[in-house]
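Here's the structure, in structure tokens; my notes come after.
The values are calculated or read from the model by the stated rules, or taken from the named source; none is laboratory data. Since the structure is predicted, the reported quantities are computational estimates derived from the model, not experimental observations. Note that each Cβ is placed from the backbone with ideal geometry, even for glycine, and that neighbours are counted across all protein chains shown. Surface accessibility is based on the protein's heavy atoms, side chains included, excluding ligands, DNA and RNA. Shrake-Rupley method; radii C 1.70, N 1.55, O 1.52, S 1.80 Å.
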Amino acid sequence: MGDRSHNRIIEHLNSHYKNDINYTLEMCRWVLKLIGIWPLVYSGTSKLEKIVSIVLLITWFSDLLFALVPPGRYILFEEKNLYIRMKLLGPTSFSLASTIKYCYLVFKGPIFKRCIVHVERDWKMVDDPTHRIIMLRNASFSRNLSTLCAVFLYSAGLAFYTVMPFLSKGRMKGNQTVKPLIYPGYDAFFDTQSSPNYEIIYSIQCFSAFIRYSVTVGAFSLAVIFVTHICGQIQVQLARLEDFVEKKEQESRLKLLDIVIRDHAKILKFTKNVEKALSEICLTQIVESTLVICLLEYYCLREWQNNDTVAISTYFVYLISFTFNILIFCYIGEVLSEQCSQIGPASYEIDWYNLPPKQACNLILVNAISHYPPKLTAGKIIELSLYTFGSVLQTSIVYLNLLRTVTT
């Protein structure tokens with residue numbers, strides 16, 4: 001009974017919590033609704049939304065397979081030219097990685113739902129305008145990063161699917177102009193050059209591309225929202241420790257310290273859930289980025305030799321987009337560890353020697369834990385940090401040199 005009464009009280013601590021939650025999740029909600037994931041990760045959805053979600057999942061997953069299986073078969077068994085194989089490997093690898101991430105978003109739905117519930121509960125419990133400003137600042141930062149990711153990816157995709165196929169060189173086959181398809185391999189089943197077969201296949205490929213980019217943007221948005229929320233909560237705890245120094249009444253100081261210790265434990269638990277939810281997606285992103293960045297660098301060099309300005313520009317935008325995405329994934333992992341390690345020094349700087357022994361022992365535990373801050377990992381194998389970003393770029397350059405040697 002006591003816990004239920006407490007929950008009813010804290011629901012009204014922040015009178016602006018609905019607007020704050022909507023501001024935090026808005027960008028992510030738009031994207032995830034388009035691909036049918038949102039009802040799986042958010043508890044406040046209707047039965048109709050869940051039914052629509054199931055229909056969208058079946059439709060979009062079928063579309064992804066349609067754009068993945070025939071080109072994959074064509075690359076493995078039909079195409080003999082090594083350069084053309086390499087040129088098709090990049091888009092097909094991105095399709096495969098996006099499909100894997102889509103599956104992880106579906107299967108990890110319950111974990112993502114718990115994380116979103118935690119975010120909502122934190123917004124409801126904000127009782128200090130200063131703390132709310134800190135959290136809003138981090139929410140604004142996550143929205144800006146998600147917007148940049150969406151702009152880069154959708155712009156690159158638009159150029160790749162609508163501009164480059166029709167304006168770049170290489171549309172002639174003998175004396176005939178070939179209607180371009182991004183992914184070949186459908187000639188064994190259809191006459192892809194006749195109407196309306198060409199228009200149907202091309203439209204399905206464009207829809208598939210939109211789903212792939214939306215999956216990447218959605219996974220990116222979830223990761224950024226959760227990590228920036230954790231950083232905001234850590235900054236709130238640091239602000240509370242600063243207030244602790246200014247308070248004179250012993251009872252108020254002990255109450256505030258209890259809140260800091262309790263919320264710090266909640267943050268660590270939330271961080272563990274976030275790491276569990278994002279681990280496989282981050283691993284897929286690391287492998288995908290290493291391979292695709294290498295191939296994009298290779299494409300830029302080859303198109304430079306062919307003097308194809310349109311293709312160079314398109315591949316360069318793609319290269320910036322993928323580099324930016326993996327940079328932000330590594331950056332938020334770095335920021336997470338850095339922010340979580342700050343609470344230890346902050347707890348040491350207060351006048352802990354005036355506290356009762358039991359409270360001082362709790363501070364010792366907080367300080368000790370901060371020496372081993374939580375980390376965001378890729379499959380529990382690779383720690384996401386700026387060092388990892390450098391390793392990804394270095395590895396892509398090594399693979400690029402190997403690829404140029406093999407294809408020369």
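Per-residue answers, yes or no, for (1) at pLDDT 80 or above; (2) closer than 22 Å to Leu319 by Cβ:
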| position | (1), (2) |
| --- | --- |
| Ser146 | yes, yes |
| Tyr154 | yes, yes |
| Arg171 | no, no |
| Ser194 | yes, no |
| Cys206 | yes, yes |
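Residues in region 102-122: is at least one of a type in the set (Val, Ile, Thr), within 23 Å of Ser203 (Cβ to Cβ) and at pLDDT 90 or above? Don't jump to the end; show me each part of the working.
As a first pass, look at region 102-122 and keep what is of a type in the set (Val, Ile, Thr): 106, 111, 116-117, 119.
Imposing the further condition that a residue be within 23 Å of Ser203 (Cβ to Cβ) reduces the set to none.
Among the residues of region 102-122, not one is of a type in the set (Val, Ile, Thr), within 23 Å of Ser203 (Cβ to Cβ) and at pLDDT 90 or above, which makes the answer no.
Each row is one residue, and each column tells you yes or no for (1) open to solvent by less than 80 Å² (accessible area, probe 1.4 Å); (2) in contact (Cβ under 8 Å) with a residue 24 or more places away in the chain; (3) touching a Ser or Thr at 6+ places or on another chain (Cβ under 7 Å).
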{"position": "Ile369", "(1), (2), (3)": "yes, yes, no"}
{"position": "Glu383", "(1), (2), (3)": "yes, yes, yes"}
{"position": "Ser391", "(1), (2), (3)": "yes, no, no"}
{"position": "Ser396", "(1), (2), (3)": "yes, yes, yes"}
{"position": "Tyr399", "(1), (2), (3)": "no, yes, no"}
{"position": "Leu403", "(1), (2), (3)": "yes, yes, no"}
{"position": "Thr407", "(1), (2), (3)": "yes, yes, no"}
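Just checking, which of Ile312, Ile234 is hydrophobic (A, V, I, L, M, F, W, C) and surrounded by 23 or more Cβ atoms within 10 Å (Cβ to Cβ)? Write out each step before concluding.
Numbers: Ile312 fails: surrounded by 23 or more Cβ atoms within 10 Å (Cβ to Cβ).
Ile234 is the lone residue from the list that is hydrophobic (A, V, I, L, M, F, W, C) and surrounded by 23 or more Cβ atoms within 10 Å (Cβ to Cβ).
Could you count how many residues in region 352-364 are open to solvent by 30 Å² or more (accessible area, probe 1.4 Å), free of Cβ contacts under 8 Å to residues at least 60 places away in the same chain and not hydroxyl-bearing (Ser, Thr, Tyr)?
6
Mind checking whether some residue in region 184-193 is β-branched (Val, Ile, Thr) and either within 19 Å of the chain's Cα centre (by Cα) or assigned to a loop (DSSP other than H, G, I, E, B) (or both)? It would help to see each step written out before you state the result.
Start the filter on region 184-193 by keeping residues that are β-branched (Val, Ile, Thr), which leaves 192.
Subsequent filtering for residues that are either within 19 Å of the chain's Cα centre (by Cα) or assigned to a loop (DSSP other than H, G, I, E, B) (or both) retains 192.
For region 184-193, residues β-branched (Val, Ile, Thr) and either within 19 Å of the chain's Cα centre (by Cα) or assigned to a loop (DSSP other than H, G, I, E, B) (or both): present.
Do we find that Leu319 is in a helix (DSSP H, G or I), under 30 Å from Ile381 (Cα atoms), open to solvent by 10 Å² or more (accessible area, probe 1.4 Å) and touching a helix residue (DSSP H, G or I) at 6+ places or on another chain (Cβ under 8 Å) in this structure? Write out each step before concluding.
Values: in a helix (DSSP H, G or I): yes; under 30 Å from Ile381 (Cα atoms): yes; open to solvent by 10 Å² or more (accessible area, probe 1.4 Å): yes; touching a helix residue (DSSP H, G or I) at 6+ places or on another chain (Cβ under 8 Å): yes.
In short, yes.
In region 338-351, what residues are part of a helix (DSSP H, G or I) and buried (at least 17 other Cβ atoms within 10 Å of the Cβ)? Before the answer, list the steps.
First pass over region 338-351, keeping only residues part of a helix (DSSP H, G or I): 338-341, 343-349.
Scanning region 338-351 gives Gln339, Cys340, Ile343, Gly344, Ala346, Ser347.
Using beta carbons and a limit of 6 Å, which pairs, at least six apart or on different chains, have the first residue in region 150-162 and under 20 Å from Glu199 (Cβ atoms) and the second one surrounded by 17 or more Cβ atoms within 10 Å (Cβ to Cβ) and hydroxyl-bearing (Ser, Thr, Tyr)?
Every condition considered, the pairs that remain are Gly157/Tyr213; Phe160/Thr314.
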